[in-house]
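The values are calculated or read from the model by the stated rules, or taken from the named source; none is laboratory data. Bear in mind the structure is a predicted one, so any value in this text is a computation, not a measurement. Here the Cβ positions follow ideal geometry from the backbone for every residue, glycine too, while neighbour counts run over all protein chains shown. Protein only, heavy atoms only, side chains kept; ligands, DNA and RNA dropped before computing areas. Shrake-Rupley method; radii C 1.70, N 1.55, O 1.52, S 1.80 Å.
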Amino acid sequence: MRQRVGPLAVARVRRILGRALRLRCPRCGRSPLWARYFRMHERCAVCGLRYEREQGYFVGAIYINYAVTVAVAAGVVLAADALVGLTLAEQLVLGVALAALVPLAFFRYARSLWLSLDYLVTTADERRERARLR
């Protein structure tokens, strides 16, 4: 049985993904996720949501970061080659530089997006289970 997605559900997803892009807690949106550039808080200071639930929890964030890195590096190299006409050496230098820098720049956002996606899926599963048990 397929359920229709209403405007409230779409607004909720937008709100939570917006919090991810602002690097905020997916549940309340009031507390920052990061203590320093590469160090996350253990839990939300406002609502208490635990960010890393278990060892290896953020492996999915690695996939998000990898996909963004490939898209950006390949897209920029191909666009620059089409617009400027780069040599092979210039393409390699640009591609390697982007492949090294994009993951560092996107690291926090990849983790934040993964945490928010997990929060959305987990809360949706919990709501379905509660409805099933009624």
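Residue-wise test of (1) at pLDDT 95 or above; (2) more than 13 Å from the chain's Cα centre (by Cα); (3) under 17 Å from W114 (Cα atoms).
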| site | (1), (2), (3) |
| --- | --- |
| M1 | no, yes, no |
| R19 | yes, no, yes |
| R27 | no, yes, yes |
| F38 | no, yes, yes |
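I'd like to know if the range 45-68 contains one or more residues that are of a type in the set (V, I, T), surrounded by 16 or more Cβ atoms within 10 Å (Cβ to Cβ) and part of a helix (DSSP H, G or I). Spell out how you get there, then give the answer.
Taking the range 45-68 as the starting set, the residues that turn out to be of a type in the set (V, I, T) are 46, 59, 62, 64, 68.
The next check asks that each one be surrounded by 16 or more Cβ atoms within 10 Å (Cβ to Cβ); those that pass are 64, 68.
From what is left, the residues that are part of a helix (DSSP H, G or I) are 64, 68.
Within the range 45-68, one or more residues are of a type in the set (V, I, T), surrounded by 16 or more Cβ atoms within 10 Å (Cβ to Cβ) and part of a helix (DSSP H, G or I).
Residue under question is A105, and the condition is that it be open to solvent by less than 50 Å² (accessible area, probe 1.4 Å) and either aliphatic (A, V, I, L, M) or part of a helix (DSSP H, G or I) (or both); does it hold?
Working: open to solvent by less than 50 Å² (accessible area, probe 1.4 Å): no; either aliphatic (A, V, I, L, M) or part of a helix (DSSP H, G or I) (or both): yes.
So A105 fails the test.
Restricting to the range 2-44, what's the tally of residues that are open to solvent by 50 Å² or more (accessible area, probe 1.4 Å), hydrophobic (A, V, I, L, M, F, W, C) and either in contact with a helix residue (DSSP H, G or I) (Cβ under 6 Å, 6 or more places away or on another chain) or in contact (Cβ under 8 Å) with a residue 12 or more places away in the chain (or both)?
Number of matching residues: 4.
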